[in-house]
Amino acid sequence: MHPPALTDRRLTRLVLVAALLHGLAYFFIVAPWMGEDEPWQFEYASHVADGHWPWGGRPYDPRAEVDERTLMSASQIQMRERVSGVDDGALERRQRAILASMAQHDYFRRVDWAGVCPDRSDFDQVEPFFTAAKQPPGYFAVLGLWMWPLSSASIDTQLTWARCSSFLLYLASVWIVLQLASVAFTDRSLALAAVLAFAWFPMNARQAGVINNDVLARTTAALVLMLCAKRLAGDDRLRTLIFAAVFAALSLLIKPTTTSVFVALGVTVFLSAKSIAGRLAIASSGLVLLAGAFYVWRTQQTTVLPRTVAAFFERIERGFSLETFTALGKGFLGGFNWLTRDLSTPTYLALAAFLALTMLSGFSALFHTRKGVSRPVLALCFSVVAFQLALVVLRGVGHGRYVMPALPALSLIVAVGFIGPFSEFRRPTALRVFATLLCLYDVVFLWGGLVPNEYLVWSS
């Protein structure tokens with residue numbers, strides 16, 4: 001066994017301090033309410049902070065003498081159906097308070113599709129029938145508990161405090177990827193490159209300053225991947241696999257995009273099996289689970305998965321379209337003002353080419369030995385990324401944040417692709433070049449995209 005690549009406590013502290021400073025920059029720069037779906041997700045968590053359960057609400061009664069749709073907006077009705085015990089007046093007051101804060105912070109000027117009129121009385125006047133109430137309750141239970149001590153404070157104070165939880169989750173995910181890289185690589189340059197790729201990826205660092213369930217989904221996915229990697233690296237303790245399975249199950253209470261962690265679990269159990277008979281048994285169990293997933297797919301009520309074969313093929317066709325992948329690339333590599341503003345086309349092309357080349361180089365490491373690289377862990381990473389992209393295709397909507405649960409795995413692949421081909425002697429130099437390119441990307445994102453689009457355009 002080689003020693004882990006990042007066991008130096010001083011180096012670990014330096015990495016975490018650097019990530020802390022980097023995350024703080026985004027925490028203070030990202031304008032209020034500029035996280036996608038942030039007002040709606042804040043609304044959900046704020047009701048939990050007021051002492052309501054994020055489930056078990058009162059359903060809409062279509063047989064009532066007075067149609068409630070004439071008294072309340074659709075978003076308020078849907079939130080009442082989700083949150084238990086909240087009264088109609090509180091729903092209306094909360095939306096009005098959030099909308100007032102959004103108007104005060106120029107949300108309606110910054111987001112192109114929202115319209116410039118700041119006078120709104122409910123969320124349906126921003127986006128009809130849209131709500132966060134259909135999201136799984138896990139993140140909102142955690143965030144609501146975090147917000148509870150300041151539940152009586154002003155909306156702006158609550159927003160800042162809620163965003164603090166995202167900042168802490170960003171730091172936690174960097175630490176987890178640090179452990180993951182130490183397991184996957186025995187070469188320090190490779191491990192540092194993986195951590196930098198994760199922590200300095202702009203759209204990931206931006207999550208340190210916004211409210212969104214993708215933040216917690218990314219952190220739990222990183223934790224499951226790290227535990228699976230430890231198992232593949234020789235950790236035979238049963239509790240490691242049990243913890244991975246528990247966190248994988250909990251991740252489904254956060255967001256469906258974390259489904260890829262079950263692929264990580266399956267690949268880990270399969271690769272760590274000691275005999276062919278064991279692998280056949282695992283493969284058979286996988287088929288049984290697949291049949292169960294098919295049954296759930298046929299009976300589920302969510303719009304995330306298609307319910308008919310015709311709808312399935314329609315989703316696949318839409319998911320494989322150039323439009324979907326273009327939107328996915330822009331949202332993943334850098335989008336602003338609720339993805340209404342973009343970086344320049346040459347910038348996207350350069351970033352996409354760099355990502356494609358490093359992934360191809362990383363893929364070749366599965367077949368050609370690269371010193372200091374654990375091939376089983378690398379195979380695990382590729383399986384997670386591939387399935388995550390398949391989920392996006394199946395969803396038929398190209399949002400970059402849907403790929404975030406696979407970012408820890410992608411960071412390791414990029415590190416192997418860029419640093420791996422060099423000799424041990426040249427890898428520190430390659431790491432410096434890689435870090436320079438990441439910083440350049442970060443500068444372009446911040447000062448060529450985020451700051452101009454969220455501030456300078458409005459002279460604020």
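The values are calculated or read from the model by the stated rules, or taken from the named source; none is laboratory data. The structure presented is a predicted model; accordingly, all values stated were derived computationally and were not measured. Don't worry about glycine lacking a Cβ; one is built from the backbone with ideal geometry, like all the others, and counts go over all protein chains shown. Each accessible area value is taken on the protein alone, full model and side chains, heavy atoms only, with ligands, DNA and RNA left out. Shrake-Rupley method; radii C 1.70, N 1.55, O 1.52, S 1.80 Å.
Please report the accessible area of PHE27 (heavy atoms, 1.4 Å probe, ligands and nucleic acids excluded) in Å², nearest 10.
Surface open to solvent at PHE27 totals about 30 Å².
With a sphere of radius 12 Å drawn around the Cβ of LEU394, what net charge do the other residues whose Cβ falls strictly inside it have (Lys, Arg +1; Asp, Glu -1)?
+1
Excluding residues on the same chain fewer than 8 positions from LYS134, give the aspartates and glutamates whose Cα lies under 12 Å from its Cα.
Answer for LYS134, where 12 Å is the Cα cut-off: GLU81, listed by chain and number.
Please state the charge dipole magnitude for the stretch 38-162, taken about the Cα centre, from unit charges on C-beta atoms (+1 on K and R, -1 on D and E), reported in debye and rounded to the nearest 20.
It works out to roughly 220 debye.
Using +1 at the C-beta of Lys and Arg and -1 at the C-beta of Asp and Glu, which of PHE418, THR258, LEU71 has the Cα lying farthest in the positive direction of the dipole of the chain?
Highest projection toward the positive end goes to PHE418.
Could you pull out the longest piece of the chain with no exposed loop GluC sites (Glu not before Pro) in it, calling a site exposed if DSSP puts it outside H, G, I, E, B and it has at most 14 other Cβ atoms within 10 Å?
66-423
Compactness ratio of the stretch 38-162: Cα Rg over 2.2 N^0.38 Å, N = residue count?
On the way: Rg = 14.3 Å, N = 125, 2.2 N^0.38 = 13.8 Å.
My calculation over the Cα atoms of the stretch 38-162 gives 1.04.
Using the alpha-carbon centroid of each, what span in Å lies between the stretch 167-232 and the stretch 404-460?
Between the Cα centres of the stretch 167-232 and the stretch 404-460 lies a distance of 14 Å.
Take the Cβ-Cβ distance between GLU323 and ALA350 as r, set R0 to 22 Å, and report the resulting FRET efficiency rounded to the nearest 0.05.
For GLU323 and ALA350, the calculated efficiency is 0.55.
Place a +1 charge on the Cβ of each Lys and Arg in the chain and a -1 charge on the Cβ of each Asp and Glu, then give the dipole magnitude about the Cα centre in debye, rounded to the nearest 20.
1960
If you take the C-alpha gyration tensor of the chain, multiply each eigenvalue by 5 and take the square root, what semi-axes do you get, largest first, in whole Å? Numbers along the way, then the final one.
Working: eigenvalues 283, 148, 84 Å².
Largest first, the chain gives 38, 27, 21 Å.
Which order do you get for ARG93, ARG318, ARG427 if you rank them by accessible area with a 1.4 Å probe, largest at the top?
ARG93, ARG318, ARG427
Which residue, chosen from ALA193, VAL116, PRO346, occupies the Cα position most advanced towards the positive end of the dipole of the chain, where the dipole is computed from +1 (Lys, Arg) and -1 (Asp, Glu) charges on Cβ about the Cα centre?
The residue sitting farthest along the positive end of the dipole is ALA193.
Fully extended, how many nm does the chain gain between ARG96 and ASP156 (0.36 nm per residue separation, minus their Cα-Cα distance)?
20.3 nm
Have a look at ALA49, MET404, ILE211 and report the one farthest towards the positive end of the charge dipole of the chain, computed about the Cα centre with Cβ charges (Lys/Arg +1, Asp/Glu -1).
Comparing the listed Cα positions along the dipole, MET404 ranks first.
Roughly what angle does helix 260-272 make with the longest principal axis of the chain, taking Cα atoms, 0 to 90 degrees, to the nearest 10?
Once rounded, the angle reads 20 degrees.
Between ARG9 and ARG69, with labels modelled 7 Å along Cα→Cβ, what's the label distance in nm to one decimal, could you check?
So the two model labels end up 6.3 nm from each other.
Under 13 Å Cα-Cα from LYS255, which aspartates and glutamates qualify once same-chain neighbours fewer than 8 residues away are excluded?
ASP214
Identify all aspartates and glutamates with a Cα-Cα distance to LYS371 below 16 Å; exclude those on the same chain that are fewer than 8 residues away in sequence.
Correct list for LYS371: ASP187, GLU424.
How many nm is it between the label spots at ARG239 and GLN125, if each spot is 7 Å from the Cα in line with the beta carbon?
About 5.6 nm separates the two model spin labels.
If a paramagnetic tag sat 7 Å from the Cα of ARG109 along the Cα-Cβ line, which residues of the stretch 423-460 would have the backbone N under 19 Å from that point?
In the stretch 423-460, the label zone of ARG109 (backbone N under 19 Å from the point 7 Å along Cα→Cβ) covers 449-460.
If I model a spin label at THR429 and VAL17 as a point 7 Å from the Cα along the Cα→Cβ vector, what separation in nanometres do I get?
Placing both labels 7 Å beyond Cα along the Cβ direction yields 2.9 nm.
Roughly how tilted is helix 309-319, in degrees to the nearest 10 and between 0 and 90, from the longest Cα axis of the chain?
Taking the Cα atoms of the chain, the angle to 309-319 is about 70 degrees.
Add -39500 (n - 2.57) for each DSSP H run of 4 or more in the chain, then divide by its residues: what number comes out at 222 nm, to the nearest 500 deg cm²/dmol?
Helices in the chain give a 222 nm mean residue ellipticity of -20500 deg cm²/dmol.
Check each of the chymotrypsin sites (Phe, Trp or Tyr not before Pro) in the stretch 82-153 and keep only those in coil by DSSP with at most 11 other C-beta atoms within 10 angstrom; list them in order.
For chymotrypsin sites (Phe, Trp or Tyr not before Pro) across the stretch 82-153 that sit outside H, G, I, E and B with at most 11 neighbouring Cβ atoms in 10 Å, the list reads PHE129.
Which angle between 0 and 90 degrees, to the nearest 10, do you get for helix 38-49 versus the longest principal axis of the chain when only C-alpha atoms count?
So the inclination is approximately 80 degrees.
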